[in-house]
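The values are calculated or read from the model by the stated rules, or taken from the named source; none is laboratory data. Since the structure is predicted, the reported quantities are computational estimates derived from the model, not experimental observations. In this analysis, Cβ positions are derived from the backbone assuming ideal geometry, glycine residues included, and neighbour counts consider all displayed protein chains. The area values use the complete protein model at the heavy-atom level, side chains included, leaving out ligands, DNA and RNA. Shrake-Rupley method; radii C 1.70, N 1.55, O 1.52, S 1.80 Å.
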Amino acid sequence: MHGYSDQNLEALGDAILAYSADRLKLDPVPLDGPMTLAELDAKAGQTITTGGIGGLAALKLFEEDLALACISTDHPRYLSFIPCAPTEAAAMFDLVVGASSIYGGSWLEGGGAVYAENQALRWIADLVGLPPEAGGVFVPGGTIGNLSALVAARHTARMTAAREARTGPGARPWRVAATHGAHSSIQSACDVMDAELVGVEVDDLGRLTGAALREVLVANGPETFFAVVATSGTTNFGIVDDLASVAEVCREFGIWFHVDGAYGGAGLAAPSVRHLYAGVEHCDSFIVDPHKWLFAPFDCCALLYRQPALARAAHTQHASYLDVLTDKPDWNPTDYSVGLTRRARGLPFWFSLATHGTDAYRDAIERTLEVTRFAAEEIGRRDYVEVVREPDLSVVVFRRIGWTAAQYQEWSDRLLADQFAFVVPTSHEGETLTRFAIVNPRTSEDDISAILDTMA
Ligand SMILES: *Cc1c(COP(=O)(O)O)cnc(C)c1O
């Protein structure tokens, strides 16, 4: 950029690297917290000028004003929603990806990156138990992953229906079956696709089962469905559906079986909970967000297909300027999801896997499960709180006996204002509750006890 001498650039580079290194060394990082628009207007004001303020000034502005208005999702006491706790290796490599100007959509342009991303995808495919020809792409998040999988499912169903002349020309199955506990992104995908989401009742353990699914399919006509979505780790409770029986019913009726493991899929790497996922190996498509429980920075979702050719048929964009890419047999990640241009967003995850090895991932996930089990036990030991459902994975939902919704909110606000912890209320069946989501291996038993102390 003109106006920037080599010397200025070097100083800016040093400053950015120093800032990044310092941020990653903070232990713990400050939680920080939300500011209003008026507060930010007063602090930062107009940042973009015709002449530019210079990189060092802009960095200072970020460091002193803007960053303070962003909650640190990797703080060990950030236990809301699903935190994001990248390894230092993954976070640092994100800088490298940014500096490298890689186009991650095609093999022609980004082959080296795609090669590495595909090895990271293969590690996940092996955890799931998918065959050697399985493959996919890293997309921005579970929402796009679910949508892309469902688009592939419907395209496949339409092709099959047309081939078998089961439906009239142009007609296609339009329904998706999932539980009411399925993530909101499934409804959102159905809205985008103008598909109808049909709810299936869960069993006593809160799971989708083959028997309940079968009833819904038969009652509505199985030929009207193009996909079934099971969840391997619901976001609120961490419930894993009964994947084996669901898979069997999908096979019986020839319906695409998608497993949403955006949050919980990481548990596949943890021997202590692996049995919960029995049957996942039958899925036609699968997602997991490394930015949730696999220690990668935002934004990163691994999307896998049993038969990638089906996804390619649904997603490949055809345009004359792209013929040079699409006419080749190369692996072009962009052919497997909604979207064209893509950042090689799987690389930070790959780098960290390559750096630490997969055993370290297994151990880190087991560590978070250990702390979650401690949390459930500790809640059981205190008479003013109680667990709503015993945790299967690394989230635990619990009740502060006697509190109103307003009391939960005041407590939560105070924890953040004190820079002590970030734990928000949740709700279940109309009742306000709260919840710990533990995906950060730095979250300790002491953190859990300290937060529970504040509720006494
Ligand atoms: C978080 C989540 C999603 C959505 O993923 P994003 O990355 O936020 O788009 C989908 N399904 C489940 C089960 C999730 O936990």
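For the range 79-101, residues that are open to solvent by less than 60 Å² (accessible area, probe 1.4 Å), within 24 Å of PHE138 (Cβ to Cβ) and outside any helix (DSSP H, G or I) total 7.
Determine whether the range 243-256 contains at least one residue that is of a type outside the set (Ser, Thr, Tyr) and within 16 Å of the ligand (Cβ to nearest atom).
yes
For ASP204, the conditions (1) within 16 Å of the ligand (Cβ to nearest atom); (2) not in a helix (DSSP H, G or I) all hold with the exception of (1). In the range 129-144, of all residues being surrounded by fewer than 24 Cβ atoms within 10 Å (Cβ to Cβ) and not aliphatic (A, V, I, L, M), the one that is nearest to TRP293 (Cα to Cα) corresponds to GLY141.
Cβ-Cβ below 6 Å, separation at least six or inter-chain, first residue in the range 440-456 and under 19 Å from ARG362 (Cβ atoms), second part of a loop (DSSP other than H, G, I, E, B): which pairs? Partner pairs satisfying both residue conditions: ASN440/PRO76; ASN440/PRO83; ASN440/ALA85; ARG442/PRO76; THR443/PRO76.
A residue that is among the hydrophobic types (A, V, I, L, M, F, W, C) and at positive phi can be found somewhere in the range 160-172. For the range 295-313, the set of residues classified as in contact with a helix residue (DSSP H, G or I) (Cβ under 7 Å, 6 or more places away or on another chain) and crowded, with 22+ Cβ neighbours inside 10 Å consists of PHE295, ALA296, PRO297, CYS300, CYS301, ALA302, LEU303, LEU304, TYR305, ALA311, listed by residue number. Restricting attention to the range 219-230 and to residues that are more than 14 Å from the ligand (Cβ to nearest atom) and among the small types (Gly, Ala, Ser), the residue that is nearest to ASP392 (Cα to Cα) turns out to be ALA227. Here GLY238, GLY265 are screened, and the one residue that is within 11 Å of the ligand (Cβ to nearest atom), in a helix (DSSP H, G or I) and touching a Ser or Thr at 6+ places or on another chain (Cβ under 9 Å) is GLY265.
I want to confirm something. Restricting to the range 409-424 and keeping residues that are more than 10 Å from ILE451 (Cα to Cα) and assigned to a loop (DSSP other than H, G, I, E, B), which single residue is least open to solvent (accessible area, probe 1.4 Å)? Step by step, filter the range 409-424, then rank; the result is VAL424.
Within the range 333-379, being aliphatic (A, V, I, L, M) and touching a residue at least 40 places away in the same chain (Cβ under 8 Å) holds for VAL338, LEU340, ALA344, LEU347, LEU353, ALA354, ALA364, ILE365, LEU369, VAL371, ALA375, ILE379.
When PRO169, PRO173 are checked against the criterion of being away from the ligand (no atom under 16 Å from the Cβ), assigned to a loop (DSSP other than H, G, I, E, B), in contact with a strand residue (DSSP E or B) (Cβ under 6 Å, 6 or more places away or on another chain) and modelled with pLDDT under 95, PRO173 stands alone in meeting it. Looking at the structure I just gave you, is ALA182 within 16 Å of the ligand (Cβ to nearest atom), over 30 Å from PRO329 (Cβ atoms) and assigned by TED's automatic domain parsing to the domain that holds GLY238? Answer is yes for this residue.
Restricting attention to the range 22-40, the residues that are free of Cβ contacts under 8 Å to residues at least 60 places away in the same chain and more than 26 Å from SER412 (Cβ to Cβ) add up to 2. Which one is farthest from the ligand (Cβ to nearest atom) among residues in the range 295-343 that are under 20 Å from ALA230 (Cα atoms) and part of a loop (DSSP other than H, G, I, E, B)? Result: GLN307. Considering each residue of the range 327-338 in turn, at least one proves to be in contact with a helix residue (DSSP H, G or I) (Cβ under 8 Å, 6 or more places away or on another chain) and modelled with pLDDT under 95. If you go through the range 390-408 and pick out every residue that is in a helix (DSSP H, G or I) and either surrounded by 19 or more Cβ atoms within 10 Å (Cβ to Cβ) or at pLDDT below 95 (or both), you end up with 1. When each of GLY261, GLY265, GLY181, GLY233 is tested for being of a type in the set (Gly, Ala, Ser), under 23 Å from LEU393 (Cα atoms), in contact with an Asp or Glu (Cβ under 9 Å, 6 or more places away or on another chain) and open to solvent by 40 Å² or more (accessible area, probe 1.4 Å), the lone residue that passes is GLY181.
Need pairs with beta-carbon distance below 8 Å; first residue free of Cβ contacts under 8 Å to residues at least 12 places away in the same chain and within the range 261-277, second part of a helix (DSSP H, G or I); sequence gap 6+ or separate chains. Going by the 8 Å Cβ cut-off, the qualifying pairs are ARG274/GLY267; ARG274/LEU268.
Determine whether LEU66 is of a type in the set (A, V, I, L, M, F, W, C) and more than 23 Å from the chain's Cα centre (by Cα).
yes
If you scan the range 363-389, which residues turn out to be basic (Lys, Arg) and assigned to a loop (DSSP other than H, G, I, E, B)? Result: ARG382, ARG389. Looking across the range 135-166 at every residue that is under 14 Å from MET193 (Cβ atoms) and of a type in the set (A, V, I, L, M, F, W, C), the one that is nearest to the ligand (Cβ to nearest atom) is identified as ILE144. Within the range 277-294, which residues are away from the ligand (no atom under 12 Å from the Cβ), crowded, with 23+ Cβ neighbours inside 10 Å and in a helix (DSSP H, G or I)? Result: TYR277, VAL280.
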